[in-house]
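Here's the structure we're looking at; comments come further down.
Just so it is clear, none of the values below were taken in a lab; they were calculated from the coordinates. Given the structure is predicted, the values throughout are model-derived calculations rather than measurements. All Cβ positions, glycine included, derive from the backbone under ideal geometry; neighbour counts span all protein chains shown.
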Amino acid sequence: MKRALVTGSSGLVGSAAVAHFDRLGWRVHGIDNNLRRDFFGPDGDTARNLERLRRDTRQFEHLSLDVRDREAISAIVERVRPDLVVHCAAQPSHDLARARVFDDFDINAVGTLNLLEAVRQSCRETPFVFMSTNKVYGDAPNEKPFRETATRFDFARREDRHGIDESCQVDRCLHSMFGVSKLAADVLVQEYGRYFDIPTVCFRAGCLTGSAHAGAELHGFLAYLARAILEGRQYRIYGYGGKQVRDNLHADDVCLAFEAFAAAPRVGAVYNMGGGRENSISVLEAITRLEELTGRRLHTTQVDEPRRGDHICYISDLRRFKADYPVWTPTRDLDDILKELVARP
Ligand SMILES: NC(=O)c1ccc[n+]([C@@H]2O[C@H](COP(=O)([O-])OP(=O)(O)OC[C@H]3O[C@@H](n4cnc5c(N)ncnc54)[C@H](O)[C@@H]3O)[C@@H](O)[C@H]2O)c1
């Protein structure tokens, strides 16, 4: 029986990965210490996902470990000797990172190094999947020329229509502390590929979502928006008049990308990963559609100042991943995703 080791296994992407590989008949070992609750308070609590996984999976072992605990991580990798590592544990918030600089870097950068080195010591043939982020590009995507419509910003030039590709610069721009810690991890993952010849991949993700997301104001764009509408919360729109655009991908579709990579791994691979243009939406457009779906009105406050380093329009160019893994294509369109988010209990 194949074995997967998933970190951040109670979070959005990690819990989807546990369920996905369990369905495929793998034994899955998950590492998560619910630090998301510490980051974001009760909104971020992932205990509900862990309960669901314990109830619904067949071959799942939960380990309440911290990826910063180098000895424990090394021991567990040595014991499990996984056939696949999916590393999703993170401090995931662009904005929170400034208040938790050491936690952010220790978890995102050093935690990733702990896992990489453990894999090198115990199972260097094992494909290593790292959930990176589009924030590694800092605010460089904002240098593109934009046009403004009634509801969104979009790229002005035809050649930018497919969105941001992997050649986008990663330095000489503003990142946020989160962008820096993730970029450090991203480069480490590439280096363990190129230098040590381990099959590693960085998926630089746009917005990922699904009903398993413990949406909080500081992380989880659509999940938090749906929560705000359903619970009658005041929603703050930060800058750009709500016309900033994100592409959104369901966590289950991210898992299909993991599966495709695991079946045909490469060394030191880097791919942008997201919903692409079809699954792109602005804050204003998302509010309108969620209001239609729920029949409720969202109470909003406009904050003039955008989030520091926030993208004006970000759409992942998926052509490189699709060319290397033609088997992969997103299965959930944006409306499916929005319906799922407002249908949750
Ligand atoms: N959700 C998105 O929109 C998005 C976008 C781009 C990149 N990503 C990346 O994808 C990955 C997964 O994101 P997500 O949305 O599932 O986040 P999430 O917060 O839902 O899941 C991360 C999980 O990791 C756990 N965790 C945090 N620190 C830990 C530690 N030190 N030790 C053990 N567990 C720890 C948390 O408790 C949480 O359950 C992250 O690396 C994130 O940066 C996410």
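Cα centroid separation, the range 232-297 to the range 1-75: 22 Å. Put a dot 7 Å past the Cα of LEU174, heading toward its Cβ, do the same for ASP335, and the two dots end up 3.8 nm apart.
Fully extending the segment from ARG81 to ALA263, taken as 0.36 nm per residue of separation minus the present Cα-Cα distance, adds 63.8 nm. Helices that extend 20 Å or more along their long axis by alpha-carbon positions and average at least -0.5 on the Kyte-Doolittle scale are, among the DSSP H runs of the chain, 177-194. Between ARG124 and TYR195, full extension at 0.36 nm per residue minus the direct alpha carbon distance yields a gain of 24.4 nm. Computed about the Cα centre, the dipole magnitude for the range 75-197 is approximately 180 debye when only Lys and Arg (+1) and Asp and Glu (-1) carry charge, each at its Cβ.
Considering only LEU65, PHE40, ALA150, the residue lying farthest towards the positive end of the dipole of the range 8-164 is ALA150, judged by Cα position with unit charges set on Cβ. The count of lysine pairs in the range 3-343 whose Cα atoms are under 20 Å apart, excluding pairs fewer than 8 places apart on the same chain, comes to 4. A full extension of the chain between THR149 and THR300 corresponds to an added length of 52.3 nm, given 0.36 nm per residue minus the alpha carbon distance.
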